[in-house]
Amino acid sequence: MSILSERRTETRFTDYKAAWGIDQAMAEAHRCLYCFDAPCISQCPSAVNVPEFIRRIATENHQGAADLVLADNPLGMSCSRVCPVEVLCAGSCVLPDLGLPAIQIGRLQRFVTDMALDNGWVFGERAPSTGKRIALVGAGPSVLACAWYLGRLGHETVIFEKDRLLGGLNTTAIAPYKMKADRSIQEAEYLVAGSGAEVRFGVEVGVDLPWAELDRDFDAVFVGVGLGPDRLMKRLPGSDLAGIEGAVDFIGQIKTREIDLRGLERTVVIGGGNTAVDLTRELIELSVPVVSLIYRRDQANMKGYQHEWEAAVKGGAKAHWRTTPVGFIGTGRVEGVQCVRLDEDLVPIDGSDFVVPADRVFVAIGQSRLGDLLEQLPGIEAPGGLVQVDEHGFTGRAGWYAGGDCVNGGKEVVNAAAEGKAAAHAIHQHLNG
Ligand SMILES: Cc1cc2nc3c(=O)[nH]c(=O)nc-3n(C[C@H](O)[C@H](O)[C@H](O)COP(=O)(O)OP(=O)(O)OC[C@H]3O[C@@H](n4cnc5c(N)ncnc54)[C@H](O)[C@@H]3O)c2cc1C
């Protein structure tokens, strides 16, 4: 099923948190205090029972540990690698209050979920068929989680995916030093097989298939279409010059194909969120000589995680804080970014213009929203391009649910998985009257 190039550029990256063997996992598992009112559970959007799965590792019950993780989060293998554990589960560990390092929950979770996927362990049986059919739109984490629970509850599911890859942004956008695309696809295939879902690739719902047909042919619908393409700075002079491109699009190229790194000498990344920081780190790991970030706020107020930015700085990244681009210069191809500095109120400072030389510019100021597509959803509110739902993913229209980035505006894989799970249980209840 995979159409990934064997020579894709992401294969040049090594894991920044190497996998653990049994001795390291056992030693770490024995450090856990197995807190009764564990904050690591409440900090996890998927509410993984962290102390209990770690206790099972400590007693060498690896299958039991994997079963527990995957019961709460079927994307537990991805999340063990890509979750910002420093601000979620591990960030709430009580051990630092005692002057000890937090438990490395992600690495322990990876230890058992890798084992489960590599050995093909599937826990529990699928319930007998209910005869109900649910359409799921998109093949990213929200849909995969939703399909998994619905399938295990005995429902028939059909996933419509406009592209040819499973996993959505989990496959095409995650920094390759955290997880490679083939690993995301391996997990997605495991979930599709275990849920019995049928996948129809190359179907863009709303374009190739009207939403109304889903209404007619299915008992319920889950919408997990994510966000749209990169927003670009199209209003700035020179924005059409060659060499200026969207960051998510470029990361997708690194992840799926072999890219030509020639001409990547002086690069500029515009933005201060996690996509900007990830790409900065990726360019540095690809040995690009000059990597500069341009951001309109200062470091303390960037949205990207500080620990990730600090890793980029260690690799040689430089930043122009409180700076904004006002145009791009060059003849045919970009040669530099024309910038001005901003004062504390983010107002341009007169006479502060300067040029950052660049032969490639990556715009990382956020993804657009799929407003035009979501406006077509029959009788469903999607103001500002985000579908309105209650805490179960219910849109207010009988049988229609949504979750993931197209609802939350762009969070993490673990949020998309949790929202897909909540919607699956709500759909099950709805179909059972
Ligand atoms: C650069 C970048 C780095 C990230 N890094 C991390 C990270 O380190 N850790 C983390 O937890 N999260 C990270 N995220 C966020 C995470 O990837 C997303 O939150 C998550 O993938 C959202 O899942 P989703 O199912 O909502 O949507 P998506 O993953 O976006 O999947 C949506 C799917 O729907 C398909 N689709 C869209 N429209 C249609 C249509 N009309 N018909 C059929 N199919 C359609 C798309 O092709 C896509 O496959 C990152 C995101 C980006 C952009």
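Fully extended, how many nm does the chain gain between ASP372 and ARG333 (0.36 nm per residue separation, minus their Cα-Cα distance)?
10.9 nm
Using a 10 Å cut-off around each Cβ, can you sort ILE259, ILE57, ILE3 from fewest to most neighbouring Cβ atoms?
With the fewest neighbours first, ILE259, ILE57, ILE3 line up as ILE3, ILE259, ILE57.
Would you work out which of CYS32, LEU279, THR113 lies farthest towards the positive end of the dipole of the chain, given +1 charges on the beta-carbon of Lys and Arg and -1 on that of Asp and Glu, about the Cα centre?
Positive-end residue among those listed: LEU279.
So which trypsin sites (Lys or Arg not before Pro) in segment 143-228 are both in a DSSP loop and have at most 15 other Cβ atoms within 10 Å of their Cβ?
Passing sites in segment 143-228 are ARG164.
Order 351-357, 301-307 from most to least packed using the mean count of other Cβ atoms within 10 Å.
301-307, 351-357
How large is the charge dipole for segment 365-427, taken about the Cα centre, if only the Cβ atoms of Lys, Arg (+1) and Asp, Glu (-1) carry charge, to the nearest 20 debye?
In debye, rounded to 20, segment 365-427 gives about 80.
Calculated from DSSP H runs of 4 or more alone, at -39500 (n - 2.57) each and per residue, what is the 222 nm mean residue ellipticity of the chain, nearest 500?
Value at 222 nm, helices only: -10000 deg cm²/dmol.
Too long at a 28 Å Cα-Cα cut-off: which of LYS180/LYS234; LYS180/LYS314; LYS234/LYS421; LYS17/LYS314; LYS234/LYS314?
LYS180/LYS234; LYS234/LYS421; LYS234/LYS314
If neighbour count is taken as other Cβ atoms inside 10 Å, put GLU187, GLU310 in order from fewest to most.
GLU310, GLU187
Can you list residues from other chains, or at least 5 along the same chain, whose modelled amide H is less than 5 Å from the amide H of ILE294?
Sorted by chain and number, the residues that satisfy this are VAL269, ILE270, GLY271, HIS320.
Which is farthest toward the positive dipole end of the chain among GLY91, VAL326, PRO210, measuring Cα position about the Cα centre, with Cβ charges +1 (Lys, Arg) and -1 (Asp, Glu)?
My answer, from the dipole projection, is VAL326.
Please name which of VAL414, THR11, ALA145 has its Cα lying farthest along the dipole of the chain towards the positive end, using unit charges on Cβ (Lys, Arg +1; Asp, Glu -1) and the Cα centre as origin.
Projecting each Cα onto the dipole axis, the largest value belongs to THR11.
Please give every one of the aspartates and glutamates within straight-line cross-link reach of LYS255, meaning a C-alpha to C-alpha distance under 12 Å, and leave out same-chain neighbours fewer than 8 residues apart.
Those aspartates and glutamates meeting the cut-off are GLU6, GLU10, ASP182, GLU282.
Once you charge only the Cβ atoms, +1 for Lys and Arg and -1 for Asp and Glu, what is the size of the charge dipole of the chain about its Cα centre, to the nearest 20 debye?
Rounded to the nearest 20 debye, it is 520 debye.
If the label point is 7 Å along Cα→Cβ of GLN253, which residues in segment 321-346 have backbone nitrogen under 20 Å from it?
328-337
Can you tell me which of 419-429, 244-254 comes out highest on packing, and rank the rest after it, using the mean Cβ neighbours within 10 Å?
419-429, 244-254
What shape does segment 98-185 take by its C-alpha gyration tensor, where a ≥ b ≥ c are the square roots of the eigenvalues and a/c under 1.5 counts as rounded, a/b above b/c as prolate, and the rest as oblate?
It is oblate, given that a/c is not under 1.5 and a/b is not larger than b/c.
How large is the charge dipole for segment 109-267, taken about the Cα centre, if only the Cβ atoms of Lys, Arg (+1) and Asp, Glu (-1) carry charge, to the nearest 20 debye?
So the dipole magnitude of segment 109-267 works out to roughly 400 debye.
Round to a whole angstrom and tell me the spacing of the C-alpha centers of segment 72-133 and segment 330-394.
Each part's Cα centre sits 33 Å from the other's.
Can you say what percent of the DSSP beta bridges in the chain, counting only those with both residues inside, are antiparallel? Round to 5.
30 percent
Can you sort THR171, THR324, THR331 by how many other beta carbons sit within 10 Å, fewest first?
THR331, THR324, THR171
Want the number for GLU391 to GLN429: 0.36 nm per residue separation, take away the alpha-carbon distance, what's left?
Working it through step by step, the gained length comes to 12.3 nm.
Quote the FRET efficiency, to the nearest 0.05, computed for ASP23 versus ARG164 with a Förster distance R0 of 60 Å and r equal to the Cβ-Cβ distance.
The pair ASP23/ARG164 has a calculated efficiency of 0.90.
Each reported figure results from applying straightforward, stated rules to the coordinates on display, with no laboratory input. Given the structure is predicted, the values throughout are model-derived calculations rather than measurements. Cβ coordinates were reconstructed from backbone atoms using ideal geometry, including for glycine residues, and neighbour counts include every protein chain displayed.
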